[in-house]
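Here's the structure we're looking at; comments come further down.
Values quoted throughout were computed directly from the atomic coordinates according to the rules given, and no laboratory measurement underlies them. Just so we're clear, the structure is a prediction, and the values are computed from it rather than from any experiment. All Cβ positions, glycine included, derive from the backbone under ideal geometry; neighbour counts span all protein chains shown.
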Amino acid sequence: MKKKSLSAESISKDFLKEKLDDLRIELLTDVRDEVRLGIDEAKQELDDNAKKYRDQILSKLVGIAGDLETIKQENTVGGYQLSKLRQSIINHEKRIKKVERAQAAA
């Protein structure tokens with residue numbers, strides 16, 4: 001029995017095209033898998049960075065919200081004190097006018 005060997009004469013164009021197509025498909029599959037892996041890694045890194053920055057931003061916002069609450073309370077107290085001072089001034093003006101009228105009458 002004679003063994004079949006591939007010689008330059010027995011390799012046909014169709015055989016070469018078939019092998020080339022097989023290699024092309026294999027290469028495209030490998031490239032696609034690598035690209036998908038790279039995209040997945042990039043997504044994960046982006047998510048990790050987003051979480052880190054989100055936590056930093058939220059921490060800053062908590063501090064700002066606390067400061068804002070303090071300012072609101074101070075404004076409320078300040079408004080009350082201003083109201084009391086205005087009332088006190090009005091009372092003083094009334095007393096001054098009363099004293100001035102008493103002096104003018106005397």
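Hydrodynamic estimate: the Kirkwood radius of region 1-105 over Cα pairs, inserted into Stokes-Einstein at 25 °C and 0.890 mPa s, corresponds to D of 104 µm²/s. Each Lys or Arg adds one and each Asp or Glu subtracts one; over the other residues with Cβ under 13 Å from the Cβ of Glu41, this totals -4. The dipole here belongs to the chain: it is taken about the Cα centre, uses +1 on the Cβ of Lys and Arg and -1 on the Cβ of Asp and Glu, and is about 1140 debye. Rounded to the nearest whole Hz, the Karplus-based 3J(HN,Hα) values (6.51 cos²θ - 1.76 cosθ + 1.60, θ = phi - 60°) of region 29-39 follow the sequence 5, 5, 5, 4, 5, 5, 5, 4, 4, x, 5, with x at glycine and proline. Working note: Karplus 6.51/-1.76/1.60 with θ = phi - 60° gives region 89-98 the couplings 5, 4, 4, 5, 4, 5, 5, 4, 4, 5 Hz, where Gly and Pro are set to x. Straight distance only, please: which aspartates and glutamates reach the Cα of Lys52 with their own Cα at less than 17 Å, same-chain residues fewer than 8 apart left out? Straight-distance partners of Lys52: Glu41.
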